[in-house]
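Asker: There's a structure below that I have some questions on.
The values are calculated or read from the model by the stated rules, or taken from the named source; none is laboratory data. Not measured: the values here are computed from a predicted model. Cβ atoms come from the backbone with ideal geometry, glycine included; neighbour counts cover every protein chain shown. These accessible areas exclude ligands, DNA and RNA; they are computed on the full protein's heavy atoms, side chains included. Shrake-Rupley method; radii C 1.70, N 1.55, O 1.52, S 1.80 Å.
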Amino acid sequence: MRPLTEEETKTLFQKLAEYMGRSVERLINRSDERHCFRLIKDRVYYISESVMKSATSINKDNLLHCGTCLGKFTKSGKFRLHITALDYLAQYSKYKVWLKPSSEMSFLYGNNVLKSGLARITESTPQYAGVVVYNLADIPLGFGVAAQTTEACKELAPTA
């Protein structure tokens, strides 16, 4: 378990900023306790500092993971978010999309969302912005990238 390097931190924050905007700072400087990011075997974990200090007493070969896994670094140096980061993305997300019940399962099985499956979308969502996907009961289902702007979605055909 080691701290992130400068380049790794920059890559992580750029990816998180796609979904959260400037709220990334709130992940570290929380009101209850300070948190940090640690790297264990190419995976980035979000850990409170008290848990991190306790975990230093464990041998690194015996430590599998500690905290919440946000994602992993690929061999090419890119960062990929995991679904376990959804709770933190949903808290601070900048752009949101709500799905109708008829398209929830289709999205969960990995299909794209059609306009006919959209219930609501955050105003002024730009194209290719990171969005968090919710059902109508405000339960986060996943995250993705908006293919169209909010204004373009209003003009599209329902099957687009």
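Asker: Taking the solvent-accessible surface of protein heavy atoms with a 1.4 Å probe, what is the per residue accessible area of region 1-68 in Å²?
Answerer: Computed with neighbouring chains in place, this is 64 Å² per residue.
Asker: How high is the relative contact order of the chain, in percent, with contacts defined as C-alpha pairs under 8 Å that are six or more residues apart?
Answerer: 18
Asker: In whole percent, how big is the carbon plus sulfur part of the accessible area of region 28-160, probe 1.4 Å, protein atoms only?
Answerer: 52
Asker: Taking loop as defined by DSSP and a crowding limit of 16 other beta carbons within 10 Å, which trypsin sites (Lys or Arg not before Pro) in region 18-117 fit?
Answerer: In loop regions of region 18-117 (DSSP not H, G, I, E or B), the sparsely surrounded trypsin sites (Lys or Arg not before Pro) are ARG30, ARG34, LYS41, LYS60, LYS75, LYS78.
Asker: Taking the 0 to 90 degree range and rounding to the nearest ten, how far is the long axis of helix 6-20 tilted relative to the main principal axis of the chain, both from C-alpha atoms?
Answerer: Once rounded, the angle reads 30 degrees.
Asker: May I ask which of LYS10/LYS96; LYS15/LYS41; LYS72/LYS115; LYS15/LYS94 have a Cα-Cα span longer than 21 Å here?
Answerer: LYS10/LYS96; LYS72/LYS115, as the Cα separations exceed 21 Å there.
Asker: Something else now. Which order do ASP138, ASP61 take by accessible area at a 1.4 Å probe, largest first?
Answerer: Largest to smallest exposure gives the sequence ASP61, ASP138.
Asker: What is the spread of the Cα atoms of the chain along each of their three principal axes, largest first, in whole Å?
Answerer: Taking max minus min along each principal axis of the Cα atoms, the chain gives 58, 35, 28 Å.
Asker: Now for a different question. Give a quick list of GluC sites (Glu not before Pro) in region 1-99 that DSSP marks as loop, anything other than H, G, I, E or B, with at most 14 other Cβ atoms within 10 Å.
Answerer: Hits after loop and neighbour filter: GLU33.
Asker: Next question, about the same structure. Heads up, I need the accessible area for TYR46: 1.4 angstrom probe, whole protein in place, Å², nearest 10.
Answerer: 10
Asker: So what is the calculated 222 nm ellipticity per residue for the chain, using -39500 (n - 2.57) for each DSSP H run with n of 4 or more, over all residues, to the nearest 500 deg cm²/dmol?
Answerer: -8000 deg cm²/dmol
Asker: Using the basic label-point model (7 angstrom from Cα toward the beta carbon), what is the VAL145 to LYS53 distance in nanometres?
Answerer: Placing both labels 7 Å beyond Cα along the Cβ direction yields 4.2 nm.
Asker: What ranking of TYR109, TYR88 comes out by heavy-atom accessible area, probe 1.4 Å, highest first?
Answerer: Result, largest first: TYR109, TYR88.
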